[in-house]
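Only one structure is covered here, and it is reproduced in the block below.
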Amino acid sequence: MSLAGFEVEVQRSKDDGGVVTEDMTLSMGPQHPSTHGVLRFVIRADGEVMKEAIPDIGYLHRSIEKIAEKVGWHGFLPYTDRVDYVAAMFCNHGWSLASEQLAGIEVPKRGEYCRVIADELCRIHSHLLGVGSMAMDIGAFTPFTHAIREREYLNDLFEELCGARLTFHYMRIGGVGWDLPAGWIDKLSHFLDRFEPLIDEYDRLISFNKIFVERLANVAPITAEEAIDYNLAGPNLRGSGVRYDVRKDEPYSVYPELEFDVPIGTGEKGTVGDCFDRYIVRMREMRESCRILRQCVVQIPDGPVIAKVPRNLKPPAGDVYVRLESARGDMGWYVVSDGTAFPHRCKIRTGSFSAISIVPKISRNLMIADLIAVIASLDLVAPEIDR
Amino acid sequence: MAMDAAGLHARLREKFGDVVGPLEGSGRNASATVAPARIAEVGEFLKTDPALRFDCLSNLSGVDYPKQGHIQIVYHLFSYLHRHAFVLRVNAPRDNPQVATVSSVWSHADWQEREAFDLLGVTFEGHPDLRRILMPEDWPGHPLRKDFVEPESYHGIPTSRESLLKA
């Protein structure tokens, strides 16, 4: 028996009755409905209990970092959409931030507000898919349809904003591509009025449903130390009780002008850092995003949305590391410029990459069915792992 | 208590002397260069020293500099306890880049080093499981090297195709 890239050993052991048992090696994926994209787990299991689950990634590797070196500063922006296509705005934002810091470009205030509005909408957009598909993976189908229904309104809003429903390419180096369309703010307010009560409905429907809670509470808890050691980010880190949010602690854009709380996991249904904590943090973050959006709607100033940026951009030589809070947490962009029209190097450190690397550690001695809950609770997005 | 870049650098120099190079840059991007063989010791000290406590390796990137003849590994460190940051750089020769592993210091480094090995061909001495992570096992070369030439085909699959727009 062989699985490409893995030494598979068949271990035989005798149980007390003298019966010889054998560990079973299972390949879960690459095409599996609950792996959220194309990735594979090689599982060594004794019956229903896993001894280990080793992730095998790279199926969606497109070498986006190499493409950056070939297409130039402005040209790379549409490619960043594909880094994490469930939350493309943040990748746009990360690349723009890094380029602006290197080139010393200042974004107009209205442009920054447009970015924050787009970011927070995108966060709701991504979390809805995250929590919806999590419920579906665990066996509850209805919440998924509710989440997708709300996401559809968001898609319409995005389509009006930038013409795309998934890979937005809304932001540009120096600001955003287009100002908010006429009447769009009213539609956004209308969406918020409609959406906020629906979070309560979603909570009644699934969040505190006994079966759902039983499936998640006390499953695969991650301590704060482990989370930091493995560099988990975003809701996965906060689920373990670490109150850290790049928007609050290393503020960028106009976040210092906005009020919001950072929800953390408290172990309210079990242990701190279990699957339920990671889930409930996402639910609460959606409320905070709504709160931020409501403030933006009131505070957004008039003015230009994009700064004057040379078409043939050549940032001075140097390197920069920017961090921003994406839907999957602290996203790091390390960008090196050598003073030419092409970036020398772009390294993207994403939340999903850190999150999947902890799977072998936390999956030991779990049931196979619980691995599904773990993957869903980490909100893995395969293209973001592989880039 | 958060320390500023100068303070962090002074603490490192006090402990390691000339192994740690001079301070470059300022603020969040302040950095120092470390010898490739000593990075693990420096990392261990940065993590355990009570005044520094860099409990998180935020990012590890490899950058190829063919003109200078080296590959640079850049470690972005962050302390959740003290909320300060520092950057370490290690330069390894391009023809045989060998860097001590920090995977025993920060667990996150395990996969990050595998990625740097896969895409840039840097060998991390003492890494427990150094094998390719993103590219196929039998892929020739390391794609993020500046002189990498894409093979014309892989297992009979062509890697390029004729443009449909060509007349």
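Our helix-only sum for chain A, with -39,500 (n - 2.57) per DSSP H run of n ≥ 4 divided by its residues, gives a mean residue ellipticity at 222 nm of -13500 deg cm²/dmol.
Of the GluC sites (Glu not before Pro) found in the range A:23-92, the ones in coil according to DSSP and having at most 12 other Cβ atoms within 10 Å of their Cβ are A:GLU48. Short to long, the 10 Å bins of the Cα pair-distance histogram for the range B:1-154 hold 11, 40, 32, 13, 3, 0 percent of all pairs. Look at where the Cα atoms of the range A:128-165 and of the range A:302-348 average out, and the two centres are 30 Å apart.
List the GluC sites (Glu not before Pro) in the range A:231-332 that DSSP assigns to loop (not H, G, I, E or B) and whose Cβ has at most 13 other Cβ atoms within 10 Å. Which are they? Sparse-neighbourhood loop GluC sites (Glu not before Pro): A:GLU259, A:GLU268. In chain B, helices alone account for a calculated mean residue ellipticity at 222 nm of -6000 deg cm²/dmol, with every DSSP H run of four or more residues adding -39,500 (n - 2.57). Listed by chain and number, the lysines whose alpha-carbon sits under 23 Å from that of B:LYS146, ignoring those within fewer than 8 places in the same chain, are A:LYS66, A:LYS70, A:LYS314, A:LYS347, B:LYS67.
Quick one: helix B:39-48 against the long Cα principal axis of chain B, what's the angle to the nearest 10°, folded into 0 to 90? It works out to around 50 degrees. Taken about its Cα centre, the range A:167-257 carries a charge dipole of roughly 200 debye when the Cβ of each Lys and Arg holds +1 and the Cβ of each Asp and Glu holds -1. Put the Cα centre of the range A:274-295 next to the Cα centre of the range A:86-118 and the gap is 22 Å. Convex hull volume of the C-alpha atoms in the protein assembly as shown, normalised per residue: 174 Å³. Running a GNM on chain A with Cα contacts under 10 Å, which residue among A:ASP277, A:ASP84, A:ASP137 ends up with the highest mean-square fluctuation? Maximum fluctuation in the GNM of chain A, among the listed residues, is at A:ASP137.
Counting only alpha carbon atoms, the long axis of helix A:88-103 and the longest principal axis of chain A meet at about 50°.
Note on A:LYS51: aspartates and glutamates with a C-alpha under 14 Å away, same-chain residues under 8 apart excluded, are A:GLU9, A:GLU22, A:ASP23, A:ASP370.
None of the figures in this text is laboratory data; all of them are computed from the coordinates on show. The shown structure was predicted, so the numbers you read here are calculated from the model rather than taken from an experiment. FYI the Cβ positions are ideal-geometry reconstructions off the backbone, even for glycines, and counts take in every protein chain you see.
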